[in-house]
1. Would you mind checking the tilt of helix 137-152 against the longest principal axis of the Cα atoms of the chain, expressed as 0 to 90 degrees and rounded to 10?
2. With a 1.4 Å probe and all protein chains left in place, how much accessible area per residue does the chain have, in Å²?
3. State to the nearest 20 debye the size of the charge dipole of region 202-256 about its Cα centre, where the only charges are +1 on K and R beta carbons and -1 on D and E beta carbons.
4. Counting only Cα, what are the radius of gyration and maximum Cα-Cα distance Dmax of the chain, in Å?
5. Treating the beta-carbon of each Lys and Arg as +1 and of each Asp and Glu as -1, no other charges, what is the dipole magnitude of the chain about its Cα centre, to the nearest 20 debye?
6. What would the Debye formula give as log10 I(q)/I(0) at q = 0.17 Å⁻¹ for the alpha-carbon point model of region 107-165, no solvent?
7. For region 165-175, in order, what is each residue's ³J(HN,Hα) by Karplus, 6.51 cos²θ - 1.76 cosθ + 1.60 with θ = phi - 60°, in whole Hz (x at glycine and Pro)?
8. Distance check, please: which entries in LYS47/LYS154; LYS147/LYS186; LYS25/LYS171; LYS142/LYS186 exceed 21 angstrom between their Cα atoms?
Amino acid sequence: MLSSLDIEKKTRALYTIEDIVSAMKAYAGVTIRRTEDIVQNIRAYEKNLLYAMADIVTHYPEISSKEQNKGKRILAAFGSSQGLCGSYNEKMVEVVSGVITRNDMLFVIGKRLKLSLELKHIAYGDASDSVASISGIPSALKETVAKIMNIYRKEEFYNLTLIFTNIFEKKAEVSVEQILPPDTRKILALNPTRVPPFTYLEPKKIFGKILEEFLFISLYRCYMESLRSENWYRLRSMDGASETLKRQLSNLNSIQMYTRQEEITEEMLEILGSGMFYKKY
């Protein structure tokens, strides 16, 4: 049986872990709140780009995108490089395994996701790290865009599809979105303006720049959505860990009180058994 001193040491260790869990919960909560507003702004900007693309495609149909199903696909899957985020990466692996085909090239973002894919024996072409904070997105995005474009320039690759997790109505959902080539049917459904855009630039050049910006902002949104989702999962994992720690600490405190009472009783019996309180005649 453990002594009260051993139990006290275990209790102090659990309190230290509880402080770490509380700090992680606080950081995850702050990240979720910060990314929530940014994601809304990104979506609004992305929608404006689609409206501009709709105007160009409607009034200058000769520059519309090529066939939607031509060539191989690049699948860019967003996961995490950090742990303690529950089933975040495992859910992504389930979706990836359901959509990937032999002709697809999988680009993985996140060390933990890469390990989860390897455990399921799912092959991938290239990989890079995910981000741990908002400040790390610009440099990671620059590297990702460079790698994807190097693959995309090969003639056999034409379709770019992004797979990422987003939070919708307090639920986590894995989305699969085709970015390149843009779906012209969805674009035309945005009801473009009837008046052709007034510009001195060539429509083809405008369309190319809009498409480039659309790719950049879509990848940026995926990074932001993934960071938010990762911390959403982490917050719930830490909530569970916090409740478990509270139960363990409560049990240890009860055991410590019982053990201490037993120790005091034994000490009293030893003293009484020694005869030091008996009067000698």
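1. Result, in degrees: 50.
2. Details: 16990 Å² over 281 residues.
Each residue of the chain exposes 60 Å² on average to a 1.4 Å probe.
3. Working: 9 positive and 7 negative charges, 12 e Å.
Charge dipole, region 202-256, about its Cα centre: 60 debye, nearest 20.
4. 29.1, 122
5. Numbers: 39 positive and 35 negative charges, 100 e Å.
Here the size comes out at about 480 debye.
6. Evaluating at q = 0.17 Å⁻¹ gives log10 I(q)/I(0) of -0.66.
7. Result, rounded to whole Hz: 9, 10, 9, 10, 6, 6, 10, 8, 10, 8, 9.
8. Working: LYS47/LYS154 29 Å; LYS147/LYS186 28 Å; LYS25/LYS171 18 Å; LYS142/LYS186 28 Å.
Beyond 21 Å: LYS47/LYS154; LYS147/LYS186; LYS142/LYS186.
The values are calculated or read from the model by the stated rules, or taken from the named source; none is laboratory data. It should be emphasised that the depicted structure is a prediction, and the values quoted were computed from it without experimental measurement. We place every Cβ from the backbone using ideal geometry, glycine too, and count neighbours over all the protein chains shown. Just the protein is used for accessible areas: all its heavy atoms, side chains included, with ligands, DNA and RNA removed. Shrake-Rupley method; radii C 1.70, N 1.55, O 1.52, S 1.80 Å.
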